[in-house]
Each structure stands twice: as structure tokens, then as C-alpha cells.
Amino acid sequence: MSKVSGLFQDLTTIKKARNGRLASWDQRGKNQDYWEIPARESIVLGEVEGPGCITHIWMTSSCRKVKAPSILDPVSNASAAPVMEIHPALGVIWDDYDPFYYRKALIKITWDDQDTPSVLAPFGDFFCIGNCYPGNFSSLPFNVSLKPEESGRYGAPCSVSCYFPMPFNKRAKIEIVNENELPFILYFNIDYEMYKEPLDENTAYFHSSWRRENPCDGWGPDIQTNSPEVNNVTNLKGDGNYTVLDVNGTGHYVGCNLTVKHYQGSWWGEGNDMFFIDGEEYPSLNGTGTEDYFNHAWGYAKKCVSVFWNDRS
């Protein structure tokens, strides 16, 4: 066993594995390196035979809607990348981004011989693009990157990455479901490893779910935020709390992405995070506030949730 420690210690150990990749590269040798996902259709990006493990997913996409007749139509002309904006003589752009397509497309991943997918979430929310509003950020498992001129726009194109390891024994099937009335284009690289030996029986599989409440009333929507009245409300069992995850099985909860759209013009937080494990009446883990759970304090940035966990079910 290697005595090397640190964040990247696995890089110092030789593995008995073979690298592989699913990608949208143009196999004609040209540069149309994207797939078009038709409206109301589902496309399989690839199926990989196991044992193996997905190590990195990178994607970027664009969905444009025509506002008036133009030289290039994004539906019928699939040979032009979204950066190829041809303007009429007056300099008017006749197409624009669909601001909500990140919610209208789903990412779907199924492991082995399962009847139901272990990953099923809106494309944007899975990659931490809440409410279709991308912003630049980097973390260990995820990052989102967009150009400065695209900042502050719903549906703006950006690149997304996920570094969560996703092992499987028999097969992995990755799909994109387009529930939109418009097609969109997708560039992707999905990197994985292939192993000669089956995975250990204690290997935890990756899962992701998504849910939302609209509206989400909470337990005190009519009380002034941070007032003496609200700070003296007793809530020991999580009554009226927003449920992030309710799941059975043996595994690890590894985190969530929380997005809030607030309409009341004040701070929406101060709900303490509570973890009820194995049917507990009272939570065995209590936090001090919503923003504190995400390593912030005294407020937060801009509600929907993507949840990630590993289990052996």
C-alpha cells in the first residue's frame, strides 16, 4: 500500500485500468463537434460495458429560438456552431437563447441492469445551474464557466464539469432527454476507466435526485426575518422544513445544490439543516442556518435541489 497522502494521492499509484471516452467529436474529421438533440426526443450519448467507472463529465450546450426570419435557422441548419452569428444588414440578431432550456432537458444515467435510472435531474440543476441562471464557480466535484459577456443571462451558454466518480459493474447508460419544443446542441466528453476485475462488493454507486416546491411556504412565511418573534419559534423536529432528501438504503449522503428564487424582498434563510438518520424522531445532526450549511454566513447569494449520494442498493 502506498504511503503517499494528499488530495491527489491516487495519481501516484499505478492502476490496472484502461481509459476510455464517449465524445461528440465529428467523426468525419471536420469540426462540427456537437450533437443535435431533437425536440421532444431522448438520445443515448453512450453505453459502456463494465466493470468501470466514469471519472469526468464535461459538456457545453446552446438552445436558440428564432424571433423572426433570418439567414441561418438553428433548427434546419445544423452545420453552423452557435458562435456563428450572421447579422442582417441592419445589425439585428433574429435569434436568441431559450432562457429556460436548462430545466427542459434532463440528464439520465442507469447502472447495470436497473429498471430505473440512478441519476435523473434537469440538465442545468445537475451541474449546479440553478433556475437556468449560470454563474462562474469552481469546486472539487463541479465547475461552471461562462464568458463575461454572457453573465447575468438566463439560458446563457457555458461549460460544465462533474468529477464525481461513478462506478458500475455491468454497464453504464447515459442519456439526454429533451422535453423542450426546441432542439438544442450538445458538445460532450465523458471520460471513464475500464477494469479487468469486478468491483468490490462494498462499492457505492452514484445517485442524484431533484425536487422543488413552488411555492415553498416554510414554517413562518408571515413573520419578519430575524425578528425576536421568529428567533423564538421552537422547532425541534423539523416541522414545516423543506425536505432535501428522503431515501432508504446503505450509503453516504455527499451533498446538494440548493437554489432559491425569493419574491418577498428580504432574507429567505435561517432554516437550520437537520439530518434524521434511520427513522430518528429528533435529528442527530443540527446546523445553525441555511447559509452556514454551505460554508457562508450573514446571508447568501441568490429553491430547487439536486441531491447526490452513494449507496450499495
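The values are calculated or read from the model by the stated rules, or taken from the named source; none is laboratory data. Note that the coordinates shown come from a computational prediction; the quantities given were computed from them, not determined experimentally. Virtual Cβ from ideal backbone geometry, glycine too; neighbours counted across all protein chains shown. Heavy atoms of the whole protein, side chains included, go into the accessibility calculation; ligands, DNA and RNA do not. Shrake-Rupley method; radii C 1.70, N 1.55, O 1.52, S 1.80 Å.
Of all the residues in the stretch 248-266, those that are open to solvent by 70 Å² or more (accessible area, probe 1.4 Å) and modelled with pLDDT of 90 or more number 4.
Of all residues in the stretch 20-55, those that are among the polar types (S, T, N, Q) and surrounded by 11 or more Cβ atoms within 10 Å (Cβ to Cβ) total 4.
Do the conditions hold for Ala172, that is, is it of a type in the set (A, V, I, L, M) and not in a strand (DSSP E or B)?
So Ala172 does not fit the description; no.
Out of the residues in the stretch 148-168 meeting the condition of being part of a loop (DSSP other than H, G, I, E, B) and over 16 Å from Cys132 (Cα atoms), tell me which one is least open to solvent (accessible area, probe 1.4 Å).
Of everything passing the filter in the stretch 148-168, Phe164 is least open to solvent (accessible area, probe 1.4 Å).
The residues of the stretch 100-119 that are in contact with a helix residue (DSSP H, G or I) (Cβ under 8 Å, 6 or more places away or on another chain), open to solvent by less than 50 Å² (accessible area, probe 1.4 Å) and outside any strand (DSSP E or B), listed by number, are Tyr101, Tyr102, Arg103.
Okay, residues lined up against (1) among the charged types (D, E, K, R); (2) surrounded by fewer than 16 Cβ atoms within 10 Å (Cβ to Cβ); (3) under 24 Å from Pro141 (Cα atoms):
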position: His207; (1), (2), (3): no, no, yes
position: Glu213; (1), (2), (3): yes, yes, no
position: Asn231; (1), (2), (3): no, yes, no
position: Leu245; (1), (2), (3): no, yes, yes
position: Leu285; (1), (2), (3): no, yes, yes
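Taking the criterion of being at pLDDT 90 or above and surrounded by 13 or more Cβ atoms within 10 Å (Cβ to Cβ), the residues of the stretch 267-283 that qualify are Asp273, Met274, Phe275, Phe276, Pro283. Arg171 passes every criterion in (1) modelled with pLDDT under 95; (2) open to solvent by 60 Å² or more (accessible area, probe 1.4 Å); (3) among the charged types (D, E, K, R) apart from (1).
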